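Below is one structure, written out as structure tokens, with a few remarks after it.
The values are calculated or read from the model by the stated rules, or taken from the named source; none is laboratory data. What you see is a predicted model, and the numbers here were worked out from it, not measured in a lab. In this analysis, Cβ positions are derived from the backbone assuming ideal geometry, glycine residues included, and neighbour counts consider all displayed protein chains. Note: accessible area is taken over every heavy atom of the protein model, side chains too, but ligands, DNA and RNA are not part of it. Shrake-Rupley method; radii C 1.70, N 1.55, O 1.52, S 1.80 Å.
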Amino acid sequence: MGKVVGIDLGTTNSVVAVMEGGKPVVIANSEGMRTTPSVVGFNKDGELVVGQMARRQAVLNPQNTYYGVKRFMGRKYPELTPESKQVPYTIRRDEYGSIKIKCPRLKKDFAPEEISAKILRKLAEEAERYLGEPVTGAVITVPAYFNDSQRQATRDAGRIAGLEVLRIINEPTAASLAYGLDQERSQKILVFDLGGGTFDVSVLEVGDGVFEVRATSGDTQLGGGDFDKRIVDWLAEQFIEQEGIDLRKADRQALQRLTEAAEKAKIELSGVSVTDINLPFITATEDGPKHIETRLTRPEFENLCGDLVSRLTRPIKRALNDARLTPVQIDEVVLVGGGTRMPMIKALVRSFIDKEPNENVNPDEVVAVGAAIQSGILAGEVKEILLLDVTPLSLGLETIGGVTKKLIPRNTTIPVRRSDIFSTGENNQTMVEVHVVQGEREMAKDNKSLGRFKLTGIPPAPRGIPQVQVAFDIDANGILQVTARDRTTGREQSVVVQGASTLSEGEINRMINEAAEFAEEDRQRRERIEKRNKAKALTDQALRRLKDVTLDFGTQFTSGYRRQIEALNAEIMESLDKDDERRLDRAQADLQDVLYELNREVRLQYDDEEDEGIFDSIRRTLVGDDDDDYPYTPRDSSYGNDYGTPRYPERQDYGQPQPRYDERRYDERQTYGSPAPRYERNDRYDDQYDEWEEDRPSPRSRRPSPEPRRYPPKDSDTYYTRDRSRRIPKENQWDEEDDDWF
């Protein structure tokens, strides 16, 4: 089995963490960020992009870029509010009343679970890249106030992503795990979790390795995005007053720009008291382009969100009442989620608990860290920790008259099993239908329907006589199983409530297969793009290498390679234009062979220079002399290559004597296996140059004759020194030892 990771699947951002060496580690994505935007999109080529790349294209491609999908998971289309439908992309309902997200680029519809599955797959791939091994299992967090349908939808998203969801854990519970891991003393913690799309508050008691959730409450339709929405509405209303245009309905791109500007303004107002909002060319009319240029202060922003803050207070009071605790009894307050950075949220918490919130944990990462700890508990890496979670909502049955009979009240510690006895409502009734609901309302129609099943084979009897025992069993994963048994006949009917999910088993299997096919298609497309990029990079590399070698060894050395490289580069570019992969592979392989041969020749040249010595290497670099053009001069010789002209003229700058030319030195050359130069015997003495003509090389020699040393005629009164730096009187004697005139 592969590695198990902890994933915080957030509305705005998602995080993945893993246990390493007994410690939780947050894994950074390929962009180097520890949080990944929960955004999925399809670019103009139909390619899937997830995270930051998808977020960048949101303005120019709003209909094919999806964010905030977590709010739609596990819900039916009639359950959506008009405000939640105001998104740049298109949401519609199918024939079963489920939510579908339209993708014009691919001309198909996606379920919210499919979009979330692509985010989970992205996080799993980042974890695989970091760990170097496959990731097959995951612990995924959900808001504590998610109902069973939304939890089932989250599990379905994990299955579509190819992950085995080992546990669904509440986000506040995960945060308490991360906070209380090193806490030894017993204390009561209030976890205030305000994320991008949901709000939860939980009260826990932590001590001696036991994490017990006392109560939980929240609002699954309240989050940081609602605060952004207030700024969007404020900007849109101002623009309507000035221009008479509603940007929320006129243009999808304008709505996306407003949303991004609102989020940026909200973040800035957490640190400063005033922010400027500038949106040039937000739209255009017959009068020309229109712009938004305004200023928003923190008091104005807090005034816009007054009712939202009031909605936050009700779950806090409910959680404290259910836990039977007073604010004075709370020892610590842990803030979770990016929305808790707003000053008015911190002020709200202080007003209730009268304590400074604990900010030792990173609110963006603490949930994923807790999920990783839970994965370590399941894998046996973390021991001596017991987690006791609760069910967030009451579970019951619909009875006669549509009344809800609660079997498991909210905030009951799980795992739990509860049962009750029911009977028939009519005479001679042989079948009963069990309708499972979840919620706090008294009437069943006002609660969330989780599923229905029938128990048949009941013996005919007057109403109220048959006894049917119905049992609810919730395991540690929060999965509900309902069993109905006729106590007279022993006939039993049980069902795992999976009908709560908006997807059927057949749809889930189809999405799993499509995800696998889509992943394979994406992999092939990515490999094809990488191959094209590598081919272009290889052509650039070949040209750079050719230029460097030409500067070092000259054009004559690289002329043959230049023709081959230029021809292969042209073939590669042509195959790229025609999308001929077979020809591209062949040309790419040939170009790599040519580069290999070129590099081998360069290495041989450097090896020869090392044999010559350091001074020869310096001279060849400065002078540019190439001995290959003069085969009669041995490379290893140090006696001069100009037949009398010293090879190292720079030696004279250091006062070193210049070697004399004599026949013996040419004889020494024979020992290196090089042929000796040929000479014309001519006994005539050249009076002008003061030397015998026989000392000069024959014109038939393959090496050109060097310029002879020119001395004054014999009848001159002076002579030049060897280095021609000064003239000396003729009567001075020749010093045989120093090879120069006195």
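Just a few scattered comments:
- When Val272 is tested against (1) assigned to a loop (DSSP other than H, G, I, E, B); (2) in contact with a helix residue (DSSP H, G or I) (Cβ under 7 Å, 6 or more places away or on another chain); (3) over 26 Å from Gln63 (Cα atoms), exactly one condition is not met: (2).
- Within the stretch 65-79, the residues that satisfy the criterion of being in contact (Cβ under 8 Å) with a residue 12 or more places away in the chain and either of a type in the set (Ser, Thr, Tyr) or surrounded by fewer than 24 Cβ atoms within 10 Å (Cβ to Cβ) (or both) are Thr65, Tyr66, Tyr67, Gly68, Arg71, Arg75, Lys76, Tyr77, Pro78.
- When residues of the stretch 462-507 are limited to those that are among the β-branched types (Val, Ile, Thr) and either within 40 Å of the chain's Cα centre (by Cα) or at pLDDT below 70 (or both), the one farthest from Arg418 (Cα to Cα): Thr502
For every residue, the table says whether it meets (1) of a type in the set (Asp, Glu); (2) part of a loop (DSSP other than H, G, I, E, B).
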{"site": "Glu31", "(1), (2)": "yes, yes"}
{"site": "Arg34", "(1), (2)": "no, yes"}
{"site": "Gly41", "(1), (2)": "no, no"}
{"site": "Met53", "(1), (2)": "no, no"}
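- Just one of (1) in contact with a helix residue (DSSP H, G or I) (Cβ under 6 Å, 6 or more places away or on another chain); (2) over 30 Å from Ser176 (Cβ atoms); (3) not in a helix (DSSP H, G or I) fails for Ala265. It is (3).
- Test: residue in the stretch 167-180 that is under 30 Å from Ile512 (Cα atoms), out of contact with any Lys or Arg (no Cβ under 9 Å at 6 or more places or on another chain) and surrounded by fewer than 24 Cβ atoms within 10 Å (Cβ to Cβ): yes
- When we screen Asp156, Asp182 for residues that are outside any strand (DSSP E or B), of a type in the set (Asp, Glu) and modelled with pLDDT under 85, the only hit is Asp182.
- Counting residues in the stretch 219-235 that are acidic (Asp, Glu), under 22 Å from Asp307 (Cβ atoms) and outside any helix (DSSP H, G or I) gives one or more.
Results for (1) modelled with pLDDT of 85 or more; (2) among the charged types (D, E, K, R); (3) not in a loop (DSSP other than H, G, I, E, B), shown as yes or no for each residue.
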site	(1), (2), (3)
Gln556	no, no, yes
Gln564	yes, no, yes
Leu568	yes, no, yes
Glu574	yes, yes, yes
Asp593	yes, yes, yes
Glu597	yes, yes, yes
Asp608	no, yes, yes
Thr621	no, no, yes
Asp625	no, yes, no
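- On the stretch given as the stretch 309-330, residues that are surrounded by fewer than 17 Cβ atoms within 10 Å (Cβ to Cβ), in a helix (DSSP H, G or I) and not hydroxyl-bearing (Ser, Thr, Tyr) total 8.
- Odd one out for Val135 among (1) buried (at least 16 other Cβ atoms within 10 Å of the Cβ); (2) closer than 27 Å to Thr220 by Cα: (2)
- Close pairs from the stretch 154-169: first at positive phi, partner among the aromatic types (Phe, Trp, Tyr) and open to solvent by 10 Å² or more (accessible area, probe 1.4 Å), Cβ under 7 Å, at least 6 apart: none
- Of all residues in the stretch 242-286, those that are over 30 Å from the mean Cα position of the chain (by Cα), more than 13 Å from Leu296 (Cα to Cα) and aliphatic (A, V, I, L, M) total 5.
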